[in-house]
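Presented below is the structure to which this report refers.
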Amino acid sequence: MSRPIALALTAACFALAPAAASEKRTIPGVEDAYKTGAFIADPMPAIDAALARARQSGKPVLLVMGANECHDSAWLANLLATDRFAPVRDRYAIVYADIGMPHVKGLGRNPDVPKRFGFRIKGTPTVAILDAEGTVLNRKAAPKWRNAASRSDDDIYDELMD
């Protein structure tokens, strides 16, 4: 008797999955919140420049390691560009480093970026907060951004402004 119930529940979940997957959140003023061109193909010079600016200004670097084709990475980049997130942009020197999707075999790019900061990428985006010397200040929290598109705007704002 438990097997028919399990099969019925499984069928119900599959029936609901397409509807849930087709629902897309929007960002006001952004045509497609899941597409971006923000991630830099050759990010190391931009990272070095941001760290140099950080040494002069004392402003930490927000290193977003992701990919233009990753929906969570694109969502985060588009959200950070909105007016609401201007204080976040003022607080950090932000660099969008294109690392592809190294957690998917054959889709990684710029492996020297995560290696430089001691990361083994398990999902994108991985968001590291760096001090002026390049020390990662949020080592445990950095990999938790790979679900950025499903996080609330308030949660993202609060974590970055905390």
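The values are calculated or read from the model by the stated rules, or taken from the named source; none is laboratory data. Keep in mind that this is a model prediction, so the values were computed, not measured. Neighbour counts run over all protein chains shown; Cβ positions are idealised from the backbone, glycine included.
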Single unsatisfied condition, residue 148 versus (1) under 21 Å from residue 48 (Cα atoms); (2) touching an Asp or Glu at 6+ places or on another chain (Cβ under 8 Å):
(1)
Can you report the number of residues in region 62-91 which are under 12 Å from the mean Cα position of the chain (by Cα), aliphatic (A, V, I, L, M) and not in a helix (DSSP H, G or I)?
5
With respect to residue 94, is the statement that it is out of contact with any His (no Cβ under 8 Å at 6 or more places or on another chain), assigned to a helix (DSSP H, G or I) and either aromatic (Phe, Trp, Tyr) or crowded, with 16+ Cβ neighbours inside 10 Å (or both) true?
no
Conditions (1) modelled with pLDDT of 95 or more; (2) among the aliphatic types (A, V, I, L, M); (3) touching a strand residue (DSSP E or B) at 6+ places or on another chain (Cβ under 8 Å); number of the one not met by residue 81:
(3)
Residue 106 meets each of (1) closer than 20 Å to residue 144 by Cβ; (2) among the small types (Gly, Ala, Ser); (3) surrounded by fewer than 20 Cβ atoms within 10 Å (Cβ to Cβ) with one exception, condition (1)
Test: residue in region 152-162 that is under 15 Å from residue 34 (Cβ atoms) and modelled with pLDDT under 95
no
Kindly check whether there is at least one residue in region 28-41 that is farther than 17 Å from residue 153 by Cβ, acidic (Asp, Glu) and modelled with pLDDT of 95 or more.
no
Taking residue 83 as the residue in question, decide whether it is out of contact with any Leu (no Cβ under 9 Å at 6 or more places or on another chain), among the acidic types (Asp, Glu), surrounded by fewer than 16 Cβ atoms within 10 Å (Cβ to Cβ) and at negative phi.
yes
